[in-house]
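Please read the structure below before turning to the comments.
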Amino acid sequence: MSDREPDSRRGLDRLDDVDDAVFAALADRERRAVVYFLHEHGTATVAELADVVTGWVHGARGVATSDDRERVRVALHHVHLPRLAAAGLVTYDADGQRVELATLTAAEEALVAWAADVDADT
Amino acid sequence: MSFASVFEEVAARRRSLVVYSATEDDLAAVAPFATRNVTVEFRRLPASSDPFVVVRDGDGGFVGSTSLDTLEHLTRPEVTPPWGVADEDAAHRAFRELLDTTLFASFDRQQLLATVREFEERAWRVGEGRLHVGFQSGRALARQVPVYRRLAGETDLDVHLYVQPGEAPRAIPDATLHVETAAEIGAYWFFVFVPADPDTRQHCALLAEERAPGDFYGFWTYERRLVDELLGYLESTYGSP
């Protein structure tokens, strides 16, 4: 961690500034992809998130097919979006088709920024 | 039907290619596919993200996606002879299937040759069926004679080669040479392979037109119906030489 820019940790002084649920939510590559994309765009449809997570996480290993995308869509619907919402990181609209990034605390922002740096280097 | 009408049918299919990247410079990677019915869009990703492309059909449905690295291989390939090709990375082949029957507006000769080499390798591997290939000139055919002598002589493929008069070789052993004055022979570069066993699903075809010197417009396809149609057209129009 010594070569991390100090800025990426600004706002995250103590690990208990962030809920366990947030750590657990971000401990999954597909869920982090959702958060990074929403961080860039604020909001997105579930359909686009399924495309993006498929391309981002699965496309790197070659060509991702519509079967891959369907698996991602199902995981988003049943697992990832509910966990991100329970952790307070995203909100859904009424019919569950549009997802928005919640307002993150400074500690959460710092944690997401740090995770993004790690993912970019991997 | 004719080559021109097949072109029109393929040109009418709608696709969108969405480049997800931290930089708009990456749009250049899909530029060869931008046509009237293939829209190209950009959606930003955070800095340092690995870029990828999502292909959607006319209804916005997900067709597939791939990393930009894989896509760039397709547009800047190395060309090797078909039997020398080590089993090309399955992802690259899968990517060609992703852009199956999608019109490209601007490919150069090297890029097309790489696709043709993959198709030749497929025909070689299958070893039986009908292979019909049209060359732009006698000189272009002459350059490929070593390849087609092997394909015709060392497999059970029924090989037909098409060229306009002028600089055409007299004969290729084991292959049928069609020397035709029809304008479409020479105007189009085509490769059509129908395997002997249609259920093996190894059909493939490429049809390209040189619209400006070195600049090709066309498509490749794995769709059985289209490949069968192209072969049927060639056999009924040009039959026995």
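A crude spin-label estimate for the pair B:ALA22 and B:ARG139, with each label 7 Å from Cα along the Cβ direction, gives 4.7 nm.
The alpha carbon gyration tensor of region B:106-164 gives principal lengths a ≥ b ≥ c with a/c of 1.5 or higher and a/b no greater than b/c, which makes the shape oblate. Couplings 3J(HN,Hα) of region A:83-92, computed from phi: 5, 5, 5, 4, 7, x, 8, 9, 10, 9 Hz, in residue order, whole Hz [Karplus 6.51 cos²θ - 1.76 cosθ + 1.60, θ = phi - 60°; x for Gly and Pro]. Could you work out [θ]222 nm for chain B from helices alone, using -39500 (n - 2.57) per DSSP H run of at least four and dividing by all its residues? Round to the nearest 500 deg cm²/dmol. When only DSSP H runs of four or more count, the value is -10000 deg cm²/dmol. Positive-end ranking of A:TYR36, B:VAL145, B:ALA4 along the dipole of the protein assembly as shown, with charges on Cβ about the Cα centre, is headed by B:VAL145. Against chain B, whose longest principal axis is taken from its Cα atoms, helix B:224-238 shows a tilt of about 30°. Sum up the charges of everything whose Cβ sits under 11 Å from the Cβ of B:PRO213, counting Lys and Arg as +1 and Asp and Glu as -1, but leave B:PRO213 out. Counting the neighbours of B:PRO213, the net charge comes to -1. B:ALA187 sits among other residues whose Cβ lies under 13 Å from its own Cβ, and their net charge, with Lys and Arg +1 and Asp and Glu -1, is -3.
Can you give the local net charge around B:LEU68? Use residues other than it whose beta-carbon is closer than 9 angstrom to its beta-carbon, Lys and Arg +1, Asp and Glu -1. Can you show the working numbers first?
Details: positive: none; negative: B:ASP26, B:ASP50, B:ASP69, B:GLU72.
It works out to a net charge of -4.
Here the accessible area of region A:11-101 is 48 percent carbon and sulfur, with a 1.4 angstrom probe and all protein chains present.
Using a 1.4 Å probe on protein heavy atoms only, how many Å² of accessible area do B and A hide from each other, summed over both chains and rounded to 100? So the total buried area for this chain pair works out to about 1600 Å². Note on B:SER236 and A:ALA21: the model spin-label points, each 7 Å out from Cα along the C-beta direction, lie 6.7 nm apart. With a/c under 1.5 counting as rounded, go ahead and sort chain B into rounded, prolate or oblate using the C-alpha gyration tensor (a ≥ b ≥ c being the square roots of the eigenvalues; past the cut-off, prolate if a/b is larger than b/c, else oblate). Verdict is prolate for chain B. Label-to-label distance, A:THR45 versus B:ASN37, with points set 7 angstrom from Cα along the beta-carbon direction: 2.2 nm.
When you look at the Cβ of every residue in B:150-161, what mean number of other chain Cβ atoms sits within 10 Å?
Values: counts 0, 0, 0, 0, 0, 0, 0, 0, 0, 0, 0, 0.
Mean shielding count: 0.
Quote the convex hull volume per residue of chain A, based on C-alpha atoms, as a whole number of Å³.
Numbers: hull volume 12.2 nm³, N = 122.
Per residue, the Cα convex hull of chain A comes to 100 Å³.
The HN-Hα couplings worked out from phi for region B:3-18 by the Karplus form 6.51 cos²θ - 1.76 cosθ + 1.60 (θ = phi - 60°) are 4, 4, 6, 5, 4, 4, 5, 5, 4, 6, 6, 9, 9, 10, 10, 10 Hz, whole numbers, x standing for Gly and Pro.
If you take the charge dipole of chain B about its Cα centre, with +1 on Lys and Arg Cβ and -1 on Asp and Glu Cβ, which of B:SER21, B:PRO198, B:LEU177 is farthest toward its positive end? Final value for the positive-end residue is B:LEU177. Among the residues of A:45-56, the average count of other protein chain beta-carbon atoms within 10 Å of the residue beta-carbon is 5.
Dipole size in debye (nearest 20) for the protein assembly as shown around its Cα centre, Lys and Arg Cβ +1, Asp and Glu Cβ -1?
Values: 37 positive and 62 negative charges, 164 e Å.
About 780 debye.
For the residues of A:64-70, the average number of beta carbons from a partner chain within 10 Å of their own beta carbon is 5. Could you check what % of the DSSP bridge pairs in the protein assembly as shown are antiparallel, to the nearest 5? In the protein assembly as shown, DSSP labels about 70 percent of beta bridges as antiparallel.
If you take the square roots of the eigenvalues of the alpha-carbon gyration tensor of region B:194-241 and sort them as a ≥ b ≥ c, do you get rounded (a/c under 1.5), prolate (a/b over b/c) or oblate? Mind dumping the intermediate values first?
On the way: a/c = 3.12, a/b = 1.45, b/c = 2.16.
Note, shape of region B:194-241 comes out oblate.
Picking from B:PHE52, B:LEU68, B:GLN110, whose Cα lies most toward the positive end of the charge dipole for chain B (charges on Cβ: Lys, Arg +1; Asp, Glu -1)? Projecting each Cα onto the dipole axis, the largest value belongs to B:GLN110. Over chain B, accessible surface divided per residue gives 43 Å², non-protein components excluded, 1.4 Å probe.
The values are calculated or read from the model by the stated rules, or taken from the named source; none is laboratory data. Everything numeric in this text was worked out from a predicted model, so none of it was measured. Cβ coordinates were reconstructed from backbone atoms using ideal geometry, including for glycine residues, and neighbour counts include every protein chain displayed. Calculation scope for accessible area: heavy atoms of the full protein, side chains included, ligands and nucleic acids excluded. Shrake-Rupley method; radii C 1.70, N 1.55, O 1.52, S 1.80 Å.
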